[in-house]
Amino acid sequence: MSETCDVAHGTAPADPGVRTLVAVFASPVSRFLLKFAKDLGYHVALFEPDPARVTDVPEGFEADTVLPSLDASADVVVTDHHRPELGEVLKAALEGKPRWVGVLGNPRHPGPHVAALQALGVAEADIARVHRPVGLNIGSRTPPEIALATLAGLVADRNNRPGGFDF
């Protein structure tokens, strides 16, 4: 049997290295991102700058009102592109130099993060680091489906794979 088969059968450890997922803004999607990412072996954190909005946190998780320290092991997923603090949050995240930053949103509409970051004087090269849309194109419609597609896309990206059915 190959090493991959051993991992799949649970007879050898899979070592993806240190992986951190920071879900930004408490939302139904962040609820599932946290739960699924933890099951995938990520260190997880929920960043919600407004304590009054912490209404959808799964049991066993807490929300931080301060953006956690970010490094090259971190993937940041912003789960609400309508929030007024979107630009400030993304600017702070980009300054932490995470491995990956993405904003959920419909690809048929322009991303409001671009104008928000431009208004804050963020360099175009940094703005270009923000992915939108995020995840695999599986036709996600519900919060669990969106979280699943997002995490599948992150795993594919971390493994240098295109995701989807294009092999």
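The values are calculated or read from the model by the stated rules, or taken from the named source; none is laboratory data. What you are looking at is a predicted structure, and each value in this text was computed from that prediction instead of being measured. Virtual Cβ from ideal backbone geometry, glycine too; neighbours counted across all protein chains shown. Areas reflect the complete protein model, heavy atoms only, side chains present, ligands, DNA and RNA absent. Shrake-Rupley method; radii C 1.70, N 1.55, O 1.52, S 1.80 Å.
Summary table below
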| read-out | value |
| --- | --- |
| Close pairs from the stretch 46-61: first within 21 Å of THR20 (Cα to Cα) and in contact (Cβ under 8 Å) with a residue 40 or more places away in the chain, partner among the hydroxyl-bearing types (Ser, Thr, Tyr) and part of a loop (DSSP other than H, G, I, E, B), Cβ under 7 Å, at least 6 apart | PRO49/THR65 |
| Residue within the stretch 44-54 that is over 13 Å from the mean Cα position of the chain (by Cα), surrounded by 14 or more Cβ atoms within 10 Å (Cβ to Cβ) and not in a loop (DSSP other than H, G, I, E, B) present | yes |
| PHE36 open to solvent by 20 Å² or more (accessible area, probe 1.4 Å), closer than 18 Å to PRO144 by Cα and touching a residue at least 40 places away in the same chain (Cβ under 8 Å) | yes |
| Matching option when the condition is modelled with pLDDT of 95 or more and within 23 Å of LEU94 (Cβ to Cβ), among LEU120, LEU148 | LEU120 |
| Identity of the residue in the stretch 12-43, part of a loop (DSSP other than H, G, I, E, B) and more than 18 Å from PRO98 (Cα to Cα), that ends up modelled with the lowest pLDDT | ALA12 |
| GLY105 being assigned to a loop (DSSP other than H, G, I, E, B) and of a type in the set (Gly, Ala, Ser) | yes |
